[in-house]
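The values are calculated or read from the model by the stated rules, or taken from the named source; none is laboratory data. Computed from a prediction, not measured in an experiment: that's the story for all the values here. Counting neighbours? That spans all protein chains shown, and the Cβs are built from the backbone with ideal geometry, glycine included.
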Amino acid sequence: MEQKDVVNVLRHYRHDVLNHIQLINGYIAMGKMEKAHSLIDDLVRQAKNESHVSNLNMNRFAEEILTFNWYPHAFFLSFEVVSSSNDWSKWEEVIVSFFKAMMALFDTYVVTGEDQQVFVMINDINGKGLEIDFHGTLSTDGKWHEDVRKIKVTYAHCLTQFEWNESECYVKFNVE
């Protein structure tokens, strides 16, 4: 990684951390200790998940998911890692490709201006894979069906579930 890239990553990360610290200070100043403790717990949970995703031996995927919210999207991405394995490198290419395809799908069809959430579970409970859970509002008319069909065809060997309606989408993607 070039020095300017490192500086940019640190700048974004520092900005995120300072935002959270300001929120915690605000809650403390207002005497809302329970909210402050809840935010601290969320930060600890987030840091643990960031550590876990960084230790899966999928550096490109880690970069994609850790920096995702730094860029403009019509939805917020959160994730959790539940894995006892530290080496997912063999599947990184297909995981990154699928992740990008799904995020592009949501970017294209999410109705902007509303609260939109995408949660990604990276786990090896029943085989290694991702579960992607979208909640918000999707515009499923137009090319949506064709774009979903393309994803289903491209990743048929890994997709075990793909369900949606106008307010949610759930996808299960197993590589092992």
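Quick check on the stretch 1-42: of everything there that is among the acidic types (Asp, Glu) and within 21 Å of residue 63 (Cβ to Cβ), which residue is surrounded by the fewest Cβ atoms within 10 Å (Cβ to Cβ)?
Among residues in the stretch 1-42 that are among the acidic types (Asp, Glu) and within 21 Å of residue 63 (Cβ to Cβ), the one surrounded by the fewest Cβ atoms within 10 Å (Cβ to Cβ) is 2.
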Of all residues making up the stretch 1-52, the number that are touching a helix residue (DSSP H, G or I) at 6+ places or on another chain (Cβ under 7 Å) and either assigned by TED's automatic domain parsing to the domain that holds residue 87 or at pLDDT below 85 (or both): 1
Subset of the stretch 155-176 [more than 19 Å from residue 109 (Cα to Cα) and surrounded by fewer than 17 Cβ atoms within 10 Å (Cβ to Cβ)]: 156, 157, 160, 161, 176
Criterion violated by residue 113 - all others in (1) of a type in the set (Gly, Ala, Ser); (2) at pLDDT 95 or above; (3) at positive phi satisfied: (2)
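If you check residue 138 against the conditions, is it over 17 Å from the mean Cα position of the chain (by Cα), surrounded by 19 or more Cβ atoms within 10 Å (Cβ to Cβ) and in the same structural domain as residue 71 (by TED's automatic domain parsing)?
Numbers: over 17 Å from the mean Cα position of the chain (by Cα): yes; surrounded by 19 or more Cβ atoms within 10 Å (Cβ to Cβ): yes; in the same structural domain as residue 71 (by TED's automatic domain parsing): yes.
Considered against the rule, which asks whether it is over 17 Å from the mean Cα position of the chain (by Cα), surrounded by 19 or more Cβ atoms within 10 Å (Cβ to Cβ) and in the same structural domain as residue 71 (by TED's automatic domain parsing), residue 138 comes out as yes.
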Contacts under 6 angstrom Cβ, first residue in the stretch 92-107 being touching a residue at least 60 places away in the same chain (Cβ under 8 Å), partner outside any helix (DSSP H, G or I) and among the hydroxyl-bearing types (Ser, Thr, Tyr), 6 or more apart: 98/155
